[in-house]
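Worksheet for the structure shown next.
The values are calculated or read from the model by the stated rules, or taken from the named source; none is laboratory data. Values in this document were obtained by computation on a predicted structure and should not be read as measured data. For neighbour counting, all protein chains shown are included, and Cβ atoms are generated from backbone atoms with ideal geometry for every residue, glycine included.
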Amino acid sequence: MLHLVPPTQGPTSHDSSPIPARRPEIEAARLAALESYGILDTVVEPAFDRITEMAADLFDAPIALLGFTGHSNVFFKSHHGLTTSHAPRGADPSQPALAPWIRSEFRQGFHVEVPLYSSDGFEIGMLCVIDRRPRRIEEPQIRHLRALGGIATDLLAMRLAARRTLAQAEITTSEVDHRAMNSLQFVASLLQLQGRASASPEVTHQLRAAANRVLAVARVHRIFSTHETAGRVPIVAHLRRLCEELSTSVGSEIRLEGADEVDVPKEQVLPIGLIVNELATNARKHAGDPITITFHRLAEGAYELCVLDEGPGLPAGFDVAAPSGLGLGMKVVNALVAQLQGKLTAHSNPVGRGSCFKVTFPIG
Ligand SMILES: Nc1ncnc2c1ncn2[C@@H]1O[C@H](COP(=O)(O)OP(=O)(O)OP(=O)(O)O)[C@@H](O)[C@H]1O
Ligand SMILES: [Mg+2]
(Lines give C-alpha, C1' and ligand atoms only; values in the text may rest on other atoms or scores of the structure.)
(Ligands and ions follow the chains in the order given, each with its own letter.)
Protein backbone atom coordinates (compact mmCIF):
# COMPACT_ATOMS: atom_id res chain seq x y z
CA MET A 1 0.00 0.00 0.00
CA LEU A 2 1.28 3.45 -0.90
CA HIS A 3 -0.27 6.12 1.25
CA LEU A 4 0.50 9.70 0.26
CA VAL A 5 -0.46 12.30 2.81
CA PRO A 6 -1.83 15.40 1.08
CA PRO A 7 0.22 18.51 1.82
CA THR A 8 -0.91 20.89 4.53
CA GLN A 9 1.01 23.71 2.92
CA GLY A 10 1.23 24.11 -0.82
CA PRO A 11 3.03 26.53 -3.04
CA THR A 12 0.64 29.29 -2.08
CA SER A 13 -1.72 29.67 0.84
CA HIS A 14 -4.81 29.37 -1.41
CA ASP A 15 -3.55 26.48 -3.56
CA SER A 16 -2.46 23.36 -1.76
CA SER A 17 -1.49 21.30 -4.83
CA PRO A 18 2.25 20.85 -5.28
CA ILE A 19 3.96 22.64 -8.17
CA PRO A 20 4.03 20.04 -11.01
CA ALA A 21 7.54 18.72 -11.42
CA ARG A 22 9.61 17.89 -14.52
CA ARG A 23 8.53 20.76 -16.81
CA PRO A 24 12.11 21.76 -17.64
CA GLU A 25 11.88 25.38 -16.48
CA ILE A 26 9.98 24.46 -13.30
CA GLU A 27 12.29 21.55 -12.61
CA ALA A 28 15.31 23.85 -13.05
CA ALA A 29 13.81 26.34 -10.56
CA ARG A 30 12.98 23.49 -8.16
CA LEU A 31 16.55 22.17 -8.32
CA ALA A 32 17.87 25.72 -7.79
CA ALA A 33 15.61 26.06 -4.72
CA LEU A 34 16.94 22.75 -3.38
CA GLU A 35 20.54 23.77 -4.17
CA SER A 36 20.13 26.95 -2.10
CA TYR A 37 19.88 24.78 1.05
CA GLY A 38 23.24 23.12 0.30
CA ILE A 39 21.91 19.88 1.73
CA LEU A 40 22.46 17.33 -1.06
CA ASP A 41 25.16 14.77 -0.25
CA THR A 42 25.97 16.31 3.11
CA VAL A 43 26.95 14.40 6.24
CA VAL A 44 24.60 12.93 8.82
CA GLU A 45 23.11 15.49 11.25
CA PRO A 46 21.60 14.34 14.56
CA ALA A 47 18.62 16.74 14.30
CA PHE A 48 17.38 15.04 11.11
CA ASP A 49 18.12 11.58 12.55
CA ARG A 50 15.91 12.36 15.53
CA ILE A 51 13.05 13.15 13.14
CA THR A 52 13.28 9.80 11.30
CA GLU A 53 13.69 7.94 14.58
CA MET A 54 10.48 9.52 15.91
CA ALA A 55 8.67 8.90 12.60
CA ALA A 56 9.60 5.19 12.69
CA ASP A 57 8.50 4.98 16.37
CA LEU A 58 5.23 6.70 15.55
CA PHE A 59 4.22 3.87 13.18
CA ASP A 60 6.20 1.18 14.99
CA ALA A 61 7.89 0.61 11.61
CA PRO A 62 11.50 -0.41 10.94
CA ILE A 63 12.34 2.23 8.31
CA ALA A 64 11.95 6.02 8.08
CA LEU A 65 13.66 8.16 5.45
CA LEU A 66 14.10 11.90 5.11
CA GLY A 67 15.02 12.48 1.49
CA PHE A 68 15.73 15.28 -0.95
CA THR A 69 14.93 14.85 -4.62
CA GLY A 70 17.91 15.75 -6.79
CA HIS A 71 18.20 15.54 -10.56
CA SER A 72 18.27 11.75 -10.87
CA ASN A 73 18.55 10.49 -7.29
CA VAL A 74 16.85 10.96 -3.97
CA PHE A 75 19.45 11.68 -1.29
CA PHE A 76 18.53 10.47 2.18
CA LYS A 77 19.75 13.01 4.68
CA SER A 78 18.61 10.57 7.31
CA HIS A 79 17.91 6.88 6.73
CA HIS A 80 16.69 5.18 9.86
CA GLY A 81 16.67 1.39 9.47
CA LEU A 82 18.45 1.35 6.08
CA THR A 83 22.13 1.69 5.20
CA THR A 84 21.58 3.15 1.75
CA SER A 85 21.90 6.92 1.41
CA HIS A 86 20.58 7.27 -2.17
CA ALA A 87 17.77 5.81 -4.27
CA PRO A 88 17.02 6.33 -7.97
CA ARG A 89 14.38 8.91 -8.73
CA GLY A 90 11.30 7.70 -10.61
CA ALA A 91 10.89 8.99 -14.18
CA ASP A 92 7.12 9.57 -14.06
CA PRO A 93 6.42 13.18 -12.94
CA SER A 94 2.89 12.30 -11.83
CA GLN A 95 4.23 9.74 -9.33
CA PRO A 96 6.09 10.40 -6.07
CA ALA A 97 9.85 10.39 -6.71
CA LEU A 98 10.46 7.26 -4.63
CA ALA A 99 7.42 5.25 -5.80
CA PRO A 100 9.17 2.88 -8.31
CA TRP A 101 12.09 2.25 -5.93
CA ILE A 102 9.77 1.53 -3.00
CA ARG A 103 7.63 -0.79 -5.15
CA SER A 104 10.65 -2.77 -6.29
CA GLU A 105 12.35 -2.88 -2.87
CA PHE A 106 9.39 -3.41 -0.57
CA ARG A 107 6.75 -5.05 -2.82
CA GLN A 108 3.32 -4.99 -1.19
CA GLY A 109 4.54 -3.48 2.06
CA PHE A 110 3.55 -0.25 3.75
CA HIS A 111 4.62 3.27 2.83
CA VAL A 112 3.37 6.58 4.13
CA GLU A 113 4.91 9.87 3.05
CA VAL A 114 4.64 13.62 3.58
CA PRO A 115 6.27 16.02 1.12
CA LEU A 116 8.78 18.68 2.21
CA TYR A 117 8.59 22.11 0.61
CA SER A 118 11.16 24.83 0.07
CA SER A 119 10.36 28.30 1.45
CA ASP A 120 9.23 29.30 -2.06
CA GLY A 121 6.86 26.36 -2.43
CA PHE A 122 8.80 23.76 -4.41
CA GLU A 123 8.49 20.14 -3.42
CA ILE A 124 12.09 19.33 -2.62
CA GLY A 125 11.86 16.14 -0.59
CA MET A 126 9.87 13.82 1.60
CA LEU A 127 9.63 12.23 5.01
CA CYS A 128 8.47 8.65 4.68
CA VAL A 129 7.93 5.61 6.82
CA ILE A 130 8.20 2.13 5.33
CA ASP A 131 7.53 -1.41 6.45
CA ARG A 132 7.82 -4.68 4.57
CA ARG A 133 4.34 -5.77 5.65
CA PRO A 134 1.01 -3.94 5.12
CA ARG A 135 -0.75 -2.25 8.07
CA ARG A 136 -3.49 0.21 9.04
CA ILE A 137 -2.86 3.90 9.59
CA GLU A 138 -4.70 5.99 12.19
CA GLU A 139 -5.50 9.66 11.54
CA PRO A 140 -3.49 10.97 14.57
CA GLN A 141 -0.39 9.22 13.19
CA ILE A 142 -0.74 11.15 9.94
CA ARG A 143 -1.13 14.39 11.87
CA HIS A 144 2.04 13.66 13.83
CA LEU A 145 3.97 12.68 10.72
CA ARG A 146 2.97 16.00 9.16
CA ALA A 147 4.20 17.77 12.29
CA LEU A 148 7.56 15.95 12.03
CA GLY A 149 7.76 16.98 8.36
CA GLY A 150 7.10 20.55 9.56
CA ILE A 151 10.03 20.31 11.99
CA ALA A 152 12.26 19.15 9.11
CA THR A 153 11.07 22.14 7.06
CA ASP A 154 11.81 24.49 10.01
CA LEU A 155 15.33 23.06 10.24
CA LEU A 156 15.75 23.70 6.52
CA ALA A 157 14.54 27.29 6.90
CA MET A 158 17.09 27.89 9.69
CA ARG A 159 19.79 26.34 7.54
CA LEU A 160 18.92 28.64 4.63
CA ALA A 161 18.91 31.72 6.88
CA ALA A 162 22.36 30.78 8.26
CA ARG A 163 23.73 30.25 4.74
CA ARG A 164 22.37 33.63 3.60
CA THR A 165 23.87 35.41 6.61
CA LEU A 166 27.23 33.76 5.89
CA ALA A 167 27.09 34.68 2.19
CA GLN A 168 26.24 38.29 3.13
CA ALA A 169 29.16 38.39 5.61
CA GLU A 170 31.49 37.11 2.88
CA ILE A 171 30.36 39.78 0.44
CA THR A 172 30.96 42.44 3.08
CA THR A 173 34.43 41.07 3.90
CA SER A 174 35.35 40.94 0.25
CA GLU A 175 34.21 44.57 -0.17
CA VAL A 176 36.40 45.58 2.78
CA ASP A 177 39.36 43.73 1.24
CA HIS A 178 38.74 45.40 -2.09
CA ARG A 179 38.76 48.82 -0.47
CA ALA A 180 41.87 47.96 1.56
CA MET A 181 43.61 46.91 -1.66
CA ASN A 182 42.67 50.17 -3.42
CA SER A 183 43.84 52.26 -0.47
CA LEU A 184 47.13 50.39 -0.18
CA GLN A 185 47.79 50.73 -3.91
CA PHE A 186 47.15 54.45 -3.52
CA VAL A 187 49.61 54.66 -0.59
CA ALA A 188 52.21 52.75 -2.68
CA SER A 189 51.80 55.23 -5.56
CA LEU A 190 52.25 58.14 -3.15
CA LEU A 191 55.46 56.60 -1.77
CA GLN A 192 56.77 56.02 -5.29
CA LEU A 193 55.94 59.61 -6.30
CA GLN A 194 57.63 60.96 -3.19
CA GLY A 195 60.66 58.76 -3.91
CA ARG A 196 60.95 60.10 -7.44
CA ALA A 197 60.66 63.66 -6.19
CA SER A 198 63.63 63.28 -3.82
CA ALA A 199 67.10 64.42 -4.85
CA SER A 200 68.70 61.77 -2.63
CA PRO A 201 69.20 58.32 -4.33
CA GLU A 202 69.13 56.69 -0.89
CA VAL A 203 65.75 58.26 -0.03
CA THR A 204 64.41 57.27 -3.50
CA HIS A 205 65.62 53.70 -2.91
CA GLN A 206 64.09 53.48 0.57
CA LEU A 207 60.76 54.90 -0.53
CA ARG A 208 60.61 52.49 -3.49
CA ALA A 209 61.32 49.57 -1.13
CA ALA A 210 58.56 50.79 1.19
CA ALA A 211 56.16 51.11 -1.77
CA ASN A 212 56.97 47.51 -2.82
CA ARG A 213 56.21 46.21 0.66
CA VAL A 214 52.89 48.07 0.72
CA LEU A 215 52.07 46.61 -2.72
CA ALA A 216 52.82 43.10 -1.40
CA VAL A 217 50.18 43.60 1.32
CA ALA A 218 47.75 45.03 -1.30
CA ARG A 219 48.17 41.88 -3.41
CA VAL A 220 47.08 39.69 -0.52
CA HIS A 221 43.96 41.83 0.00
CA ARG A 222 43.20 41.45 -3.70
CA ILE A 223 43.35 37.64 -3.29
CA PHE A 224 40.94 37.86 -0.35
CA SER A 225 38.57 40.15 -2.25
CA THR A 226 38.31 37.86 -5.28
CA HIS A 227 38.55 34.46 -3.67
CA GLU A 228 35.36 32.48 -3.37
CA THR A 229 36.54 29.93 -0.81
CA ALA A 230 35.39 31.06 2.60
CA GLY A 231 38.25 31.13 5.05
CA ARG A 232 40.86 29.27 2.95
CA VAL A 233 42.92 30.05 -0.14
CA PRO A 234 44.62 27.57 -2.55
CA ILE A 235 48.17 28.72 -1.91
CA VAL A 236 49.87 27.43 -5.06
CA ALA A 237 47.42 29.31 -7.31
CA HIS A 238 48.16 32.41 -5.23
CA LEU A 239 51.95 31.84 -5.39
CA ARG A 240 51.78 31.38 -9.17
CA ARG A 241 50.08 34.73 -9.62
CA LEU A 242 52.42 36.34 -7.10
CA CYS A 243 55.45 35.07 -9.08
CA GLU A 244 54.03 36.55 -12.31
CA GLU A 245 53.45 39.92 -10.68
CA LEU A 246 56.79 39.95 -8.87
CA SER A 247 58.56 39.02 -12.12
CA THR A 248 57.12 42.18 -13.67
CA SER A 249 57.76 44.40 -10.66
CA VAL A 250 61.38 43.30 -9.96
CA GLY A 251 62.26 42.81 -13.64
CA SER A 252 63.46 39.17 -13.33
CA GLU A 253 61.76 35.92 -14.21
CA ILE A 254 60.57 34.22 -11.00
CA ARG A 255 59.58 30.60 -11.62
CA LEU A 256 57.34 28.47 -9.46
CA GLU A 257 58.34 24.82 -9.71
CA GLY A 258 56.95 21.49 -8.47
CA ALA A 259 54.35 22.88 -6.12
CA ASP A 260 51.89 20.81 -4.01
CA GLU A 261 48.51 22.59 -3.86
CA VAL A 262 46.83 22.98 -0.48
CA ASP A 263 44.14 25.26 0.95
CA VAL A 264 45.69 27.56 3.53
CA PRO A 265 43.80 29.47 6.25
CA LYS A 266 43.44 33.14 5.33
CA GLU A 267 45.56 34.28 8.30
CA GLN A 268 48.57 32.38 6.90
CA VAL A 269 48.29 33.87 3.40
CA LEU A 270 49.56 37.33 4.37
CA PRO A 271 52.79 36.12 6.05
CA ILE A 272 53.48 33.64 3.21
CA GLY A 273 52.95 36.34 0.55
CA LEU A 274 55.18 38.85 2.36
CA ILE A 275 57.96 36.29 2.97
CA VAL A 276 58.03 35.45 -0.75
CA ASN A 277 58.07 39.15 -1.58
CA GLU A 278 61.10 39.83 0.68
CA LEU A 279 63.09 36.74 -0.31
CA ALA A 280 62.44 37.14 -4.04
CA THR A 281 63.31 40.85 -3.85
CA ASN A 282 66.57 39.89 -2.08
CA ALA A 283 67.35 37.24 -4.70
CA ARG A 284 66.89 39.87 -7.42
CA LYS A 285 68.91 42.48 -5.54
CA HIS A 286 71.81 40.34 -4.24
CA ALA A 287 71.94 37.52 -6.82
CA GLY A 288 69.92 38.04 -10.04
CA ASP A 289 68.37 35.56 -12.51
CA PRO A 290 67.26 32.81 -12.36
CA ILE A 291 65.03 32.88 -9.29
CA THR A 292 63.01 29.78 -8.40
CA ILE A 293 60.32 29.19 -5.82
CA THR A 294 59.25 25.72 -4.68
CA PHE A 295 56.50 24.67 -2.32
CA HIS A 296 56.28 21.10 -1.06
CA ARG A 297 54.44 18.99 1.44
CA LEU A 298 56.91 17.37 3.82
CA ALA A 299 54.58 15.35 6.00
CA GLU A 300 50.99 15.51 7.23
CA GLY A 301 50.32 19.23 7.79
CA ALA A 302 54.01 20.28 7.36
CA TYR A 303 55.15 22.28 4.32
CA GLU A 304 58.38 23.74 2.95
CA LEU A 305 58.69 26.94 0.96
CA CYS A 306 62.07 27.65 -0.76
CA VAL A 307 63.38 30.65 -2.63
CA LEU A 308 66.48 29.73 -4.66
CA ASP A 309 68.91 31.77 -6.71
CA GLU A 310 72.17 31.08 -8.52
CA GLY A 311 74.02 34.25 -7.50
CA PRO A 312 77.27 34.64 -5.55
CA GLY A 313 75.89 32.88 -2.47
CA LEU A 314 75.51 34.10 1.09
CA PRO A 315 78.10 36.53 2.51
CA ALA A 316 80.66 35.09 4.95
CA GLY A 317 79.32 34.88 8.51
CA PHE A 318 75.71 35.28 7.36
CA ASP A 319 73.43 34.11 10.16
CA VAL A 320 69.79 34.00 9.20
CA ALA A 321 68.75 33.57 12.83
CA ALA A 322 70.47 36.78 14.00
CA PRO A 323 68.24 39.48 12.57
CA SER A 324 70.01 42.22 14.51
CA GLY A 325 73.02 41.84 12.21
CA LEU A 326 70.85 41.91 9.06
CA GLY A 327 68.87 44.49 7.09
CA LEU A 328 65.18 45.31 7.51
CA GLY A 329 64.16 42.66 4.94
CA MET A 330 65.49 39.68 6.93
CA LYS A 331 64.12 41.11 10.18
CA VAL A 332 60.67 41.23 8.56
CA VAL A 333 61.10 37.66 7.25
CA ASN A 334 62.11 36.37 10.71
CA ALA A 335 59.06 38.01 12.31
CA LEU A 336 56.71 36.57 9.66
CA VAL A 337 58.20 33.06 9.99
CA ALA A 338 57.61 33.26 13.77
CA GLN A 339 54.01 34.26 13.01
CA LEU A 340 53.66 31.05 10.94
CA GLN A 341 55.24 29.11 13.85
CA GLY A 342 57.81 27.98 11.31
CA LYS A 343 61.57 27.69 10.96
CA LEU A 344 63.85 29.67 8.63
CA THR A 345 67.17 28.32 7.35
CA ALA A 346 69.58 29.57 4.68
CA HIS A 347 72.21 27.49 2.90
CA SER A 348 73.80 26.93 -0.49
CA ASN A 349 71.61 26.19 -3.49
CA PRO A 350 71.87 22.41 -4.16
CA VAL A 351 72.63 23.18 -7.85
CA GLY A 352 76.15 24.18 -6.72
CA ARG A 353 75.98 27.96 -6.67
CA GLY A 354 73.79 30.63 -5.18
CA SER A 355 71.64 30.39 -2.09
CA CYS A 356 68.51 28.74 -0.84
CA PHE A 357 66.22 30.25 1.81
CA LYS A 358 63.92 27.62 3.27
CA VAL A 359 60.85 28.13 5.47
CA THR A 360 59.24 25.04 7.00
CA PHE A 361 55.91 25.58 8.72
CA PRO A 362 52.68 23.85 9.68
CA ILE A 363 49.44 24.55 7.81
CA GLY A 364 46.48 24.43 10.13
N1 LIG B 1 69.73 35.85 -2.06
C2 LIG B 1 70.79 36.39 -1.45
N3 LIG B 1 72.03 36.20 -1.94
C4 LIG B 1 73.10 36.73 -1.33
N5 LIG B 1 73.03 37.47 -0.22
C6 LIG B 1 71.84 37.71 0.30
C7 LIG B 1 70.65 37.19 -0.27
N8 LIG B 1 69.61 37.58 0.49
C9 LIG B 1 70.10 38.31 1.48
N10 LIG B 1 71.45 38.40 1.37
C11 LIG B 1 72.35 39.10 2.29
O12 LIG B 1 71.66 39.32 3.49
C13 LIG B 1 71.67 40.71 3.80
C14 LIG B 1 70.45 41.07 4.58
O15 LIG B 1 69.28 41.06 3.73
P16 LIG B 1 68.08 42.03 4.06
O17 LIG B 1 66.98 41.73 3.17
O18 LIG B 1 67.84 41.96 5.51
O19 LIG B 1 68.66 43.45 3.76
P20 LIG B 1 68.84 44.17 2.37
O21 LIG B 1 68.22 43.38 1.27
O22 LIG B 1 70.29 44.49 2.22
O23 LIG B 1 68.06 45.51 2.58
P24 LIG B 1 66.48 45.69 2.83
O25 LIG B 1 66.35 46.05 4.26
O26 LIG B 1 66.08 46.77 1.91
O27 LIG B 1 65.83 44.40 2.52
C28 LIG B 1 71.80 41.40 2.48
O29 LIG B 1 72.38 42.69 2.62
C30 LIG B 1 72.73 40.46 1.73
O31 LIG B 1 74.09 40.68 2.09
MG1 LIG C 1 66.19 42.77 1.46
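Summary table
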quantity: Test for Val250: is it modelled with pLDDT under 90 and buried (at least 19 other Cβ atoms within 10 Å of the Cβ); calculated: no
quantity: Those residues of the stretch 70-111 which are of a type in the set (D, E, K, R) and more than 20 Å from Leu34 (Cβ to Cβ), in sequence order; calculated: Arg103, Glu105, Arg107
quantity: Unmet criterion (only one of (1) over 30 Å from Asn73 (Cβ atoms); (2) assigned by TED's automatic domain parsing to the domain that holds Phe48; (3) surrounded by 13 or more Cβ atoms within 10 Å (Cβ to Cβ)) for Leu184; calculated: (2)
quantity: Breaking point among (1) within 16 Å of ligand 2 (Cβ to nearest atom); (2) under 24 Å from the mean Cα position of the chain (by Cα); (3) of a type in the set (S, T, N, Q), for Ser249; calculated: (2)
quantity: Candidate set from the stretch 271-316 (those that are over 29 Å from the mean Cα position of the chain (by Cα), of a type in the set (A, V, I, L, M) and not in a helix (DSSP H, G or I)); member that is nearest to ligand 2 (Cβ to nearest atom); calculated: Ala287
quantity: Residues within the stretch 294-307 that are more than 9 Å from ligand 1 (Cβ to nearest atom) and closer than 19 Å to Arg241 by Cα, tallied; calculated: 6
quantity: Test: residue in the stretch 118-128 that is more than 31 Å from the chain's Cα centre (by Cα) and not aliphatic (A, V, I, L, M); calculated: yes
quantity: Pick from the stretch 317-335, criterion in contact with a Leu (Cβ under 9 Å, 6 or more places away or on another chain) and away from ligand 2 (no atom under 13 Å from the Cβ), ranking: modelled with the highest pLDDT; calculated: Asp319
quantity: Hits in the stretch 129-138 - residues which are outside any loop (DSSP other than H, G, I, E, B) and not acidic (Asp, Glu); calculated: Val129, Ile130
quantity: Residue among Ser198, Ser174, Ser183 that is in contact (Cβ under 8 Å) with a residue 40 or more places away in the chain and of a type in the set (Ser, Thr, Tyr); calculated: Ser174
quantity: Gly288 vs. criteria over 27 Å from Ile223 (Cβ atoms), in contact with a strand residue (DSSP E or B) (Cβ under 6 Å, 6 or more places away or on another chain) and surrounded by fewer than 21 Cβ atoms within 10 Å (Cβ to Cβ); calculated: no
quantity: Test: residue in the stretch 139-159 that is assigned to a helix (DSSP H, G or I), within 21 Å of the chain's Cα centre (by Cα) and free of Cβ contacts under 8 Å to residues at least 12 places away in the same chain; calculated: yes
quantity: Which numbered condition Thr52 misses (of (1) surrounded by 21 or more Cβ atoms within 10 Å (Cβ to Cβ); (2) without any contact (Cβ under 8 Å) to a residue 24 or more places away in the chain; (3) not basic (Lys, Arg)); calculated: (2)
quantity: Filter result for Ala211 (under 17 Å from Ser225 (Cβ atoms), crowded, with 16+ Cβ neighbours inside 10 Å and over 26 Å from the mean Cα position of the chain (by Cα)); calculated: no
quantity: The stretch 249-293, residues that are among the β-branched types (Val, Ile, Thr) and away from ligand 1 (no atom under 15 Å from the Cβ); calculated: Val262, Val264, Val269, Ile272
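Table: residues versus (1) part of a strand (DSSP E or B); (2) assigned by TED's automatic domain parsing to the domain that holds Thr69; (3) surrounded by 15 or more Cβ atoms within 10 Å (Cβ to Cβ).
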site	(1), (2), (3)
Ser94	no, yes, no
Ala97	no, yes, yes
Gln108	no, yes, no
Leu127	yes, yes, yes
Val176	no, no, no
